[in-house]
């Protein structure tokens, strides 16, 4: 009788183990590979790169203080630094889409966003309308 209880107990654990194994496989499968999306890159960067194949991606890199190191890293990897901001720790650059994940992993990179025009609303000038 002891054998049937042990056998019954292991049968009950089997679905739990299978669920755990499937969850682990799903996590590994969907975690990405070499060109994975990183946590500190805005999705618009990857969208732009996908919509403009073969072109360097215009980006803004917010740094954790050392903008010079990030700018040099971009240059040494074949990217173009447009400017380094003085008021905020950031770099405006154009880089290869293949380089984005590597740049995101640089210890001084805080956030990478797409360098795109920001539309401004058209304001109604009330004083001009009354004159």
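Within segment 48-89, the set of residues being crowded, with 19+ Cβ neighbours inside 10 Å and either in contact with a helix residue (DSSP H, G or I) (Cβ under 7 Å, 6 or more places away or on another chain) or part of a helix (DSSP H, G or I) (or both) comprises 49, 57, 59, 61, 63, 67, 70, 71, 73, 74, 79. Residue 76 satisfies every condition listed in (1) in contact with a strand residue (DSSP E or B) (Cβ under 8 Å, 6 or more places away or on another chain); (2) at pLDDT 95 or above except (1).
Yes or no: segment 32-40 includes at least one residue that is in contact with a strand residue (DSSP E or B) (Cβ under 9 Å, 6 or more places away or on another chain) and at pLDDT 95 or above. Yes: segment 32-40 contains one or more residues that are in contact with a strand residue (DSSP E or B) (Cβ under 9 Å, 6 or more places away or on another chain) and at pLDDT 95 or above. Answer yes or no: is there a residue in segment 42-51 that is out of contact with any strand residue (DSSP E or B) (no Cβ under 9 Å at 6 or more places or on another chain) and closer than 13 Å to residue 110 by Cβ. No, segment 42-51 has no match at all.
The values are calculated or read from the model by the stated rules, or taken from the named source; none is laboratory data. Values in this document were obtained by computation on a predicted structure and should not be read as measured data. Glycine gets a Cβ as well: all are built from the backbone with ideal geometry, and neighbour counts include every protein chain shown.
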